[in-house]
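Coordinate-derived values only; no laboratory data. What you see is a predicted model, and the numbers here were worked out from it, not measured in a lab. Heads up, the Cβs are rebuilt from the backbone with ideal geometry, glycines too, and the neighbour counts pull from every protein chain shown.
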Amino acid sequence: MVDSKSLDQMTEDELPKKNKKGPWTPGDNPLTITSLMDALTIILIFLLKSYGSDPMQVPQKKNELMVPKSDTMSNMVECVDIQISRTTIVVKGKKIVGVNNGSVSSSDTPDGFTIKSLKDALDEIRQKEIEAKGAAAGEQAFQGDAFIAADTNIPWKLVNQVMMTCTRAKYIRFSFAVVKTRGG
């Protein structure tokens with residue numbers, strides 16, 4: 001059906017319907033940013049996961065805990081973390097004992113080697129780990145891994161006391177925190 005009338009001769013009902021998509025004017029169609037928000041959310045989750053994937057992270061408080069540098073290539077496994085700073089010994093984020101002038105008070109080291117409060121904390125953590133892995137696995141499931149982050153200015157005697165205490169609490173495999181240098 002071809003109509004011979006021109007557009008100016010047509011009535012309003014006969015005119016072809018206007019295209020719904022016309023020039024944009026403010027208030028017509030609000031901009032939808034759903035897909036942009038989805039993409040940004042995915043990127044945010046990815047970044048949070050990638051930054052949180054390191055099993056052991058040593059907090060670097062200014063002038064509190066400065067770990068040595070190394071060019072190691074190995075990665076850490078999950079284990080109990082012990083931080084020896086200039087002022088405290090911390091296990092799994094909980095302050096255990098104070099450090100004064102690079103040593104622990106003699107009342108907390110009755111035999112001169114074992115730090116009593118540290119051993120108690122490590123025994124408690126070991127017991128919880130064994131219970132969490134189940135009674136069937138028992139002591140065999142316990143690996144005895146300890147991660148030690150010591151300040152570079154801490155005397156070796158204190159690090160040795162911490163290691164002796166760990167050994168007496170059945171933590172026998174040690175890893176030390178270091179800062180990777182560019183070569184690693």
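Numbers below:
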| item | result |
| --- | --- |
| Formal net charge of residues neighbouring residue 168 (Cβ-Cβ distance under 13 Å; K, R +1; D, E -1) | +1 |
| Inter-label distance, nm, simple model (7 Å from Cα along the C-beta direction), residue 100/residue 152 | 2.8 |
| Built amide H within the under 5 Å cut-off of residue 175, gap 5+ | 146, 147, 148 |
| Gained length - residue 92 relative to residue 37, 0.36 nm times residue gap less alpha-carbon distance | 16.1 nm |
| Extension gain from residue 116 to residue 47, taking 0.36 nm per residue of separation minus the Cα-Cα distance | 20.7 nm |
